[in-house]
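Down below is the structure, laid out as structure tokens.
What follows draws every value from the coordinates through simple rules; no lab data is involved. Bear in mind the structure is a predicted one, so any value in this text is a computation, not a measurement. Note that we place each Cβ from the backbone using ideal geometry, even for glycine, and neighbour counts take in every protein chain shown.
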Amino acid sequence: MPEQRLTFVHISDTHISPDMEYGKHHAPYSTQTGARALVRAVNALPFNVDFILHTGDVVYDPVPEAYLTAKDILSELARATTIKRMRCKVFFLDALTSLSLSITPSTLTAFK
């Protein structure tokens, strides 16, 4: 029986903010810039990915604008993350700070 492998990408604590300046006090770039670079790197992987798992805080401040920004950036992960350019699923296991203010199925619909 041939060996079967499961390949996935684990992302954690992107802390995306709608504020383009947020994060620059800790790094030379914003969390938005960092998240966009992460998406490009994942999409450029030279192997197939079965799924992507994002754990921890997706956004810095759990307000609607932050989730819209995260949706805009992270939805690109579901578009072309395999060599065959097939869509793969992105799953979120969000930290309690963000969950308390509602990640709902409708919030994440575009990530599928």
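What is the distance in Å between the Cα centres of the range 21-40 and the range 43-63? That distance is 15 Å. Couplings for the range 28-38, taken from phi via the Karplus curve 6.51 cos²θ - 1.76 cosθ + 1.60 with θ = phi - 60°, read x, 8, 7, 5, 5, 4, x, 5, 5, 5, 4 Hz in order; Gly and Pro are left as x.
Using a simple spin-label model with pseudo-atoms 7 Å out from Cα toward Cβ, Lys89 and Met1 lie 2.2 nm apart. Amide H to amide H, with H built 1.01 Å from N, Ile16 comes under 5 Å of Val59, Tyr60, counting only residues 5 or more places away or on other chains. Here the 3J(HN,Hα) profile of the range 41-49, calculated from phi with Karplus coefficients 6.51, -1.76 and 1.60 at θ = phi - 60°, is 5, 5, 5, 8, 4, x, 8, 6, 10 Hz, Gly and Pro shown as x. Rounded to the nearest whole Hz, the Karplus-based 3J(HN,Hα) values (6.51 cos²θ - 1.76 cosθ + 1.60, θ = phi - 60°) of the range 61-69 follow the sequence 10, x, 10, x, 4, 5, 5, 5, 5, with x at glycine and proline.
Amide H contacts of Phe92 (H built 1.01 Å from N, in plane; Pro and chain starts excluded): His54 sit under 5 Å, all sequence-distant by 5 or more or on other chains.
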